[in-house]
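The structure under discussion appears below in the form of structure tokens.
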């Protein structure tokens, strides 16, 4: 029996339409993320993420630089959204996330973008930085399903999520791919203006795991469902890798976690001398050893 994404069942029962209505209603007093700005985005008001009624996208296309279970032979179908609910001083996509490079699109355009990626042969639809546009994504999803969308959905987020919104996505998202950027709340506040980040990330990632479980990879090596975590190693141990891997191991030692070495001092990082350099080989090896000591083996060995 071939794999069927979970959102198809919700569409058939009419539950997906109810979820869309609930999500759009949140925009009237926006609480899509922990900042709970309370602005009426349906009326054009904008909060921390500088986003309004319509989704903004910067690019659509197959991506071959993602984790191997997402990429396969034909790529991960990425839709890069403009703006962000975080304000990372070292952001590597700052032109998109902070400078607003992109354009408004309606639900029909977004649905057609999903379908074009599927028609290209991409193994999934990968929503990059979707947190502040979750209602718009769901609105477009119904249109896309009615036109034949049938590949898994990847929710590729920064980990600073509303628990209520993640619960609303239960049965819609097939693969959650959150960052866990920091293992310390004060560090997160300093470098990303994200109060209580680690506590919030632990809560929402636990809920994500409850919904989809550990990452399931089929016989062709392609991810179909589950949780995939990313953690970026930073200079001087600032990311708190020890705390992050300890949490992940308690969640499940079978968690797929990509421990990334790609840190580069971009955007405003030169204002912070302690993070204004690449990481060393020793720093990366130390992070890997911490993960192994915690009992984790899946993900970083593959990447």
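Just so it is clear, none of the values below were taken in a lab; they were calculated from the coordinates. Predicted, not measured: the structure shown is a model, and the values here were computed from it. Note that each Cβ is placed from the backbone with ideal geometry, even for glycine, and that neighbours are counted across all protein chains shown.
When restricted to residues that are touching a residue at least 60 places away in the same chain (Cβ under 8 Å), loosely packed, with under 15 Cβ neighbours inside 10 Å and more than 22 Å from the chain's Cα centre (by Cα), the range 240-280 contains 1. The single condition among (1) in contact with a helix residue (DSSP H, G or I) (Cβ under 6 Å, 6 or more places away or on another chain); (2) surrounded by fewer than 17 Cβ atoms within 10 Å (Cβ to Cβ); (3) part of a helix (DSSP H, G or I) that residue 202 does not satisfy is (2). On the stretch given as the range 8-35, residues that are closer than 16 Å to residue 165 by Cα and assigned to a helix (DSSP H, G or I) total 15.
One line per residue, one yes/no per condition, for (1) part of a helix (DSSP H, G or I); (2) within 22 Å of residue 262 (Cα to Cα):
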position	(1), (2)
74	no, no
118	yes, no
126	no, yes
141	yes, no
149	no, no
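Do we find a residue being in contact with a strand residue (DSSP E or B) (Cβ under 9 Å, 6 or more places away or on another chain), surrounded by fewer than 17 Cβ atoms within 10 Å (Cβ to Cβ) and within 26 Å of residue 214 (Cβ to Cβ) anywhere in the range 69-79? Checked against the condition, which is being in contact with a strand residue (DSSP E or B) (Cβ under 9 Å, 6 or more places away or on another chain), surrounded by fewer than 17 Cβ atoms within 10 Å (Cβ to Cβ) and within 26 Å of residue 214 (Cβ to Cβ), the range 69-79 yields at least one hit.
Going through 48, 3 one at a time, which residue ends up being over 25 Å from residue 163 (Cα atoms) and in a loop (DSSP other than H, G, I, E, B)? Talk me through it step by step, then tell me what you get.
Numbers: 48 fails: over 25 Å from residue 163 (Cα atoms).
Within the list 48, 3, the selection yields 3.
Name the single residue, out of those in the range 227-239 being in a loop (DSSP other than H, G, I, E, B) and in contact with a strand residue (DSSP E or B) (Cβ under 9 Å, 6 or more places away or on another chain), that is surrounded by the fewest Cβ atoms within 10 Å (Cβ to Cβ). Before you say what the answer is, go through the steps one by one.
Of the residues in the range 227-239, the ones in a loop (DSSP other than H, G, I, E, B) are 233-234, 238-239.
Within this subset, residues satisfying the condition of being in contact with a strand residue (DSSP E or B) (Cβ under 9 Å, 6 or more places away or on another chain) are 233, 239.
Numbers: 233: 23, 239: 28.
In this case the residue turns out to be 233.
Scanning the range 91-115 for residues that are surrounded by fewer than 22 Cβ atoms within 10 Å (Cβ to Cβ) and touching a helix residue (DSSP H, G or I) at 6+ places or on another chain (Cβ under 7 Å) gives 91, 101, 102, 107, 108, 115. Taking the stated definitions as given, is residue 170 surrounded by fewer than 22 Cβ atoms within 10 Å (Cβ to Cβ), touching a residue at least 60 places away in the same chain (Cβ under 8 Å), out of contact with any strand residue (DSSP E or B) (no Cβ under 6 Å at 6 or more places or on another chain) and within 24 Å of residue 12 (Cα to Cα)? No.
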